[in-house]
Amino acid sequence: MNFHERAKTNEQAAARQGDAVSQIDTTEKLDGATESGNSLFALCWLGLAGIAMLGWIGALGYLAWRLADWLLF
């Protein structure tokens, strides 16, 4: 949801606050499935960040192992 759509939705919600019908009782639906491409892009970046994080943890573990091996033997 971009800023323009969010502002439009907020304006609609503000206009309905004075109505006698609550938001739960309304039958109108909002478009929630228009941003599947953005969430897929975010998941790809999150996956890459996770792989990079595991790589750094592995590298630090390897260096710690080598340092302990050097200090003890």
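Condition (residue is open to solvent by 100 Å² or more (accessible area, probe 1.4 Å), in a helix (DSSP H, G or I) and at pLDDT below 85) applied to the stretch 10-27: is it met by at least one residue? Even if it seems obvious, please write down each step before you answer.
Step one: of the stretch 10-27, the residues open to solvent by 100 Å² or more (accessible area, probe 1.4 Å) are 11, 17, 20, 23-25, 27.
Checking the rest, the ones that are also in a helix (DSSP H, G or I) come to 11.
Filter once more, so that each one left must be at pLDDT below 85: 11.
Taking every residue of the stretch 10-27 in turn, at least one turns out to be open to solvent by 100 Å² or more (accessible area, probe 1.4 Å), in a helix (DSSP H, G or I) and at pLDDT below 85.
Give me the residue from the stretch 58-73 that is open to solvent by 100 Å² or more (accessible area, probe 1.4 Å) and of a type in the set (A, V, I, L, M, F, W, C) and, out of that set, modelled with the lowest pLDDT. Lay out the reasoning, then the answer.
Taking the stretch 58-73 first, the residues open to solvent by 100 Å² or more (accessible area, probe 1.4 Å) are 60, 62-63, 65-66, 70-73.
Then drop every residue that is not of a type in the set (A, V, I, L, M, F, W, C), which leaves 60, 63, 65, 70-73.
Working: LEU60: 98, LEU63: 98, TRP65: 97, TRP70: 95, LEU71: 95, LEU72: 93, PHE73: 84.
In this case the residue turns out to be PHE73.
The values are calculated or read from the model by the stated rules, or taken from the named source; none is laboratory data. Model, not experiment: these values are computed from the prediction. Remember, those area values only see protein heavy atoms, side chains included, never the ligands or the DNA or RNA. Shrake-Rupley method; radii C 1.70, N 1.55, O 1.52, S 1.80 Å.
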